Amino acid sequence: MAEQDLTPVFQLQRMYLKDLSLEQPNSPTILLEQEQPQVDIQLTMGAEPVADGIVEVTVTATVTTKIGERTLFLVEAKQAGIFEMRNIPDEQAQGIVGVVCPQMIYPYLRAIVSDVCTRAGFPPILLAEVNFQAMYEAQQAAAAAGVEGAEGATLN
């Protein structure tokens, strides 16, 4: 029985849209502009313990489109997942939270951002594929080198 208690467990408990906002502060006049907008996409990740062996992982996309200095539209979507993780060594757990969990969440976030843009009357914004392994390794290297701000990017 004791062996069963030490069996590693990793499973998705629930996936959900945690936050979503759309702003069009300069509509309708900016919609008449013929100029091509500039698109800026920011991606952030976070992790919070919920209970013993349970962690919430979030991936947030912020898409800002501007024509000149005026905002055409701004979309921010935060997709979350609740994951059960038990009997997993800390170094492996950090990698799972920093790589595996975001990889599971991200396709849903991509679909939401594209859908919201389309429903708002704009062409869909297709978020690029992300190599979460490379992103995680870069964050770990920055944290190990003591780069200022690396702690904010580290997924713990």
Return one number: the angle in degrees, 0 to 90 and rounded to the nearest 10, between the long axis of the Cα atoms of helix 101-119 and the longest principal axis of the Cα atoms of the chain.
20
Under a point-charge model restricted to the Cβ atoms of Lys and Arg (+1) and Asp and Glu (-1), what is the dipole moment magnitude of the chain relative to its Cα centre, in debye to the nearest 20?
520
Comparing 142, 80, 128 in a Gaussian network model of the chain (Cα, 10 Å), the one with the largest mean-square fluctuation is 128
Using Cβ contacts closer than 10 Å as the measure, can you line up 32, 12 from fewest to most?
32, 12
Acute angle (nearest 10 degrees) that the helix 132-145 long axis makes with the longest principal axis of the chain, alpha-carbon atoms:
70
If the chain between residue 14 and residue 70 were fully stretched, how many nm would it gain, using 0.36 nm times the residue separation less the Cα-Cα distance?
16.4 nm
How big is the Rg/Rh ratio for the range 70-133, C-alpha atoms only, Rh by Kirkwood, two decimals?
1.12
About the Cα centre, and with charges only on the beta carbon of Lys, Arg (+1) and Asp, Glu (-1), how big is the dipole of the range 18-100? Nearest 20 debye, please.
160
Convex hull volume of the Cα atoms in the chain, per residue, in Å³?
127
Assertion target for 66, 78, ordered by fewest C-beta neighbours within 10 angstrom first, is 66, 78
Determine the sum of side-chain charges near residue 106: Lys and Arg each +1, Asp and Glu each -1, restricted to other residues whose C-beta is under 13 angstrom from that of residue 106.
+1
Taking neighbour Cβ counts within 10 Å as the exposure measure, how do 127, 72 sort from fewest upward?
127, 72
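Values in this text are rule-based calculations from the coordinates and carry no lab data. Just so you know, these numbers come straight off a predicted model, no measurement behind them. Note that we place each Cβ from the backbone using ideal geometry, even for glycine, and neighbour counts take in every protein chain shown.
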